Amino acid sequence: MTITTRFAPSPTGYLHVGGARTALFSWLYARKSGGQFILRIEDTDLERSTQESVNAILEGMAWLGLDYDLGPFYQTHHFDRYKEIIQQLIAQGDAYYCYCSKDELEQLRTEQMANKEKPRYNGKCRDAQVVELDRQPVIRFKNPVDGVVTIPDLVKGDIVVANKELDDLIIARGDGTPTYNLTVVVDDMDMKVTHVIRGDDHINNTPRQMNILNALGAELPKYAHLPMILGADGARLSKRHGAVSVMQFRDEGYLPEALLNYLVRLGWSHGDQEIFSLDEMVEYFELADVNVSASTFNMEKLLWLNHHYIMTAEPEHVARHLSWHMGQLELDLSAGPALVDVVKIQRERSKTLVEMAAASVYFYKEFESYDEKAVKKNFSVGTDQVLSCLHEQLLTVADWKAEFVHEVIVQLAESLSLNMGKVAQPLRVAVCGCAVSPAIDMTLELLGQKKTLARVERAIAYIKTLN
């Protein structure tokens, strides 16, 4: 048997953190078993589904690197198949037309709640032979009334639900369009999905779907319901907790590996290990190791992981992701050093790629002004003379490498009886516009001799206007 999992998002918004974790766990389980991973777009909610949301889902999956073997499949392309199954259920006596109006159903619900009863359809049309020509009926599945449904959940253990607790759910609306619980069943059956891995907010749907599958004589998949993700306040993770869209994490400067590593640890563990490569995730992942309790999203932990990956990933890989952020700043990368070299000298002090990009602008673009605090502290009386001496010495450097630039700075500091800070800091402000940068010799090497000398000249002229 080929293990087949699926990720089936609804295109009514972005790919959120919870969905991304579900996709990751489904992807890992398929990859570990040498099986298939399917992407299915559940777009039957025609009023809320948008192409923009579809694009956001596809973009998020691509950015995370969660490749799918089949798909994307779109449910709106399969309406004929759903109608065929609905007619089959009607023909075999497992579904029926319901002519109850919205007002009748609302009145029933009001009465049940007043009597402290669970709101549910009372089965009025279940065995009725009446056809009301003035009303467009919905179609309901005839759920068994006796016995229980046992979900042998791979995460939570056996979940037992009495059939009497399940009402006859609608499987086709009045306009003939199929509903979620019907389309999911048909697709899982037709796609031969063996393992349904999804959030535990679907537990209420599972026994209903199992009953429909049984009515169709289909083999039941195995189910694994993942615990929800909470914000720091204990409430379900939402927009008010900060970034919850996968692509928002991209926009805020996170590497996909960092987010994947963080998501895999939200509800799953392998001993005390915190850092996992993708290969290790595939090797170690087991549904039996998924926690039953909810997980709390911790932005500080994600930030720590992101810095780890910025520090340890191949510079070329980080540079590929950094280039997008440099593009957001409208920087011409041909006007400065190779981006991979910038990564090498900036990554130690950068927790996100947004920070790294912002701190690297001066390599590619002239700054408009100097930082006021840096000027006040480092452009004092006489600093122009120090920079003039530096300019003279730097002009003579034939091989513009960090080691030779460093030698010039050290020798000048010694000849003027100044500590290194009194030389390096004014130089840093002169060439970067601020008092913070990587090691000044490495910064100058990447900046290049021509640009360095021009900026030192500019700083000298500026200092003279202050005194």
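Given charges of +1 on the Cβ of Lys and Arg and -1 on the Cβ of Asp and Glu, with all other atoms neutral, how large is the dipole of region 7-110 about its Cα centre, in debye to the nearest 20?
That gives a dipole near 420 debye.
Which lysines, on any chain, are close to LYS351 with Cα under 20 Å apart, when same-chain ones fewer than 8 places away are left out?
LYS301
Determine, for each peptide in 85-92, 331-338, 210-217, the mean count of other beta carbons within 10 angstrom over its residues, then list the peptides with the highest first.
Put in order of decreasing packing, that is 210-217, 85-92, 331-338.
Amide H of TRP268 versus every other amide H placed in the peptide plane: which residues, excluding those fewer than 5 positions away on the same chain, fall under 5 Å?
ASN291
Return the long-range amide H neighbours of THR4 (sequence gap of 5 or more, or a different chain), with a cut-off of under 5 Å between placed amide H atoms.
When sequence neighbours closer than 5 places are left aside, the close amide H contacts are GLN36, THR194, HIS195.
Subtracting the Cα-Cα distance from 0.36 nm times the residue separation, let me have the gained length for GLN112 to ALA358 in nm, one decimal.
Result for the pair: 82.6 nm of gain on full extension.
Based on the Cβ-Cβ distance of HIS317 and GLU84, what FRET efficiency does E = 1/(1 + (r/R0)^6) give at R0 = 51 Å, to the nearest 0.05?
0.60
Hey, fewest Cβ within 10 Å first, where do ILE197, ILE3 land in order?
ILE3, ILE197
Can you tell me the length gained on complete extension of the stretch SER238 to GLU47, counting 0.36 nm per residue apart and subtracting the Cα distance?
Numbers: separation 191, 0.36 × 191 = 68.76 nm, distance 2.25 nm.
In short, 66.5 nm is gained.
Sorted by packing (mean other beta-carbon atoms within 10 Å per residue), highest first, where do 245-257, 401-413, 17-29 land?
Top of the packing list down: 17-29, 245-257, 401-413.
Any idea how far the Cα center of region 358-408 sits from the one of region 177-221, in Å?
66 Å
Sticking with the crude label model, points 7 Å out along Cα→Cβ, report the distance from ASP103 to GLU283 in nm, one decimal please.
With each label point 7 Å from Cα toward Cβ, the separation is 6.8 nm.
Whole Å is fine, so just give me how far the alpha carbon centre of region 1-73 lies from that of region 119-170.
29 Å
Give the calculated FRET efficiency between GLU219 and ILE159 to the nearest 0.05, with a Förster radius of 22 Å applied to their Cβ-Cβ distance.
Details: r = 19 Å, r/R0 = 0.88.
Approximately 0.70, to the nearest 0.05.
Which of the residue pairs LYS32/LYS156; LYS373/LYS401; LYS83/LYS156 have a Cα-Cα distance greater than 27 Å in the structure shown?
Pairs exceeding 27 Å: LYS373/LYS401; LYS83/LYS156.
Can you give the relative contact order of region 314-363 as a percent, counting alpha carbon pairs under 8 Å and 6+ residues apart?
Relative contact order comes out at 45 percent.
Report the label-to-label distance for MET228 and LYS377 in nanometres (one decimal), using points 7 Å from each Cα along the Cα→Cβ vector.
Distance between the two pseudo-spin positions: 4.7 nm.
Can you compute the modelled spin-label distance between LEU333 and GLN411, with each label point 7 Å from Cα toward Cβ, in nm?
Inter-label distance under the simple model: 3.7 nm.
DSSP loop (so not H, G, I, E, B), at most 13 other Cβ within 10 Å: list which chymotrypsin sites (Phe, Trp or Tyr not before Pro) in region 140-234 pass both filters.
Passing both the DSSP loop test and the Cβ count: no residue.
How long is the gain from ASN419 to ASN291 if the chain were fully straight, where each residue apart is worth 0.36 nm and the alpha carbon distance is subtracted?
Net length gain for the segment: 40.4 nm.
Which whole-Hz ³J(HN,Hα) couplings does region 281-296 yield from phi under the Karplus relation 6.51 cos²θ - 1.76 cosθ + 1.60, θ = phi - 60°, glycine and proline marked x?
4, 4, 5, 8, 5, 9, 5, 5, 8, 6, 5, 7, 7, 5, 10, 9
To the nearest 0.05, how large is the calculated FRET efficiency for ASP134 and LEU58 if R₀ is 60 Å and r is the Cβ-Cβ distance?
On the way: r = 44 Å, r/R0 = 0.74.
The computed FRET efficiency comes out at 0.85.
Any read-out appearing in this document is the output of simple, stated calculations on the displayed coordinates, not a laboratory observation. These numbers were taken from a predicted model, which means no experiment stands behind them. Positions of Cβ are backbone-derived with ideal geometry, glycine not excepted, and every protein chain shown enters the neighbour counts.
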